[in-house]
Amino acid sequence: MSPEIAREPARAVLTLAMSHPPTLGAGRLLAIDGPSGSGKSTLAAAIAELAQTSTVVHLDDMYAGWSGLPRLAESLAGLLLPLAAGHPGQFRRYDWRADDWAEDVFVAPTSLLVLEGVGSGSRRFAELITTLVWLDVSPEVGLARAIDRDGAAYEEQLRAWQRDEAMHYAVDAARERADIVLG
């Protein structure tokens, strides 16, 4: 999804999210979920441009590397549960270049937290999600986009990631629970 194409859906998503009462303490949680290569980061950037007081958290910073999706809930708990209680949340940022954990990131309570990435619509935190957006993409197109983004050297890891995504979504059913499906 190009930035220009993302503007119109971003307006609709933001309008819907802000029409609902807060679910994350005094703020709202907008989860943008879907497979790798579906345009989640682009949509999140378009929403952040419209809602300049929002905070965007990219789950790429929270996964424990290429095999980190199954352990994402632990990081999400440290971020979301304190925010739901009106306190700053935190997570440890993963440094993909160093292949290791880096610094702690603190996130202050905000009127709109945009959480984007595979697993952002986790069923475990469904009661905290104000609006869940699902972005669709076929596995073939998603893989091609991810390879274009990350490089052909990562094709094996991206294919393994797609398998982890499929297992996660088979159990979590984020698409079926989404308020909006785009793609």
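What to note about this one:
- Filtered residues of segment 129-149 (kept if of a type in the set (D, E, K, R) and either at positive phi or crowded, with 16+ Cβ neighbours inside 10 Å (or both)): ARG145
- Looking only at residues in segment 150-183 that are among the small types (Gly, Ala, Ser) and surrounded by fewer than 19 Cβ atoms within 10 Å (Cβ to Cβ), the one that is nearest to MET18 (Cα to Cα) is GLY183.
- Meets criteria (in contact with a His (Cβ under 7 Å, 6 or more places away or on another chain) and under 21 Å from ASP33 (Cα atoms)) for LEU69: yes
- Single unsatisfied condition, ALA146 versus (1) under 21 Å from THR42 (Cβ atoms); (2) in a strand (DSSP E or B); (3) of a type in the set (A, V, I, L, M): (2)
- Options ARG175, ARG163, ARG124: the member that is more than 16 Å from PRO35 (Cβ to Cβ) and part of a helix (DSSP H, G or I): ARG124
Let's see how each residue does on (1) in contact with a Phe, Trp or Tyr (Cβ under 6 Å, 6 or more places away or on another chain); (2) at pLDDT 95 or above:
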| site | (1), (2) |
| --- | --- |
| PRO9 | no, no |
| LEU16 | no, yes |
| HIS20 | no, yes |
| THR23 | no, yes |
| GLY34 | yes, yes |
| LEU43 | no, yes |
| SER54 | no, yes |
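- Residue among ALA26, ALA45 that alone is more than 19 Å from ARG175 (Cβ to Cβ) and either of a type in the set (Val, Ile, Thr) or more than 12 Å from the chain's Cα centre (by Cα) (or both): ALA26
The values are calculated or read from the model by the stated rules, or taken from the named source; none is laboratory data. Predicted model, so just to flag it, every value in this text is computed and none were measured. Using ideal geometry, Cβ is built from the backbone for each residue, glycine included, and neighbour counts are taken over all protein chains shown.
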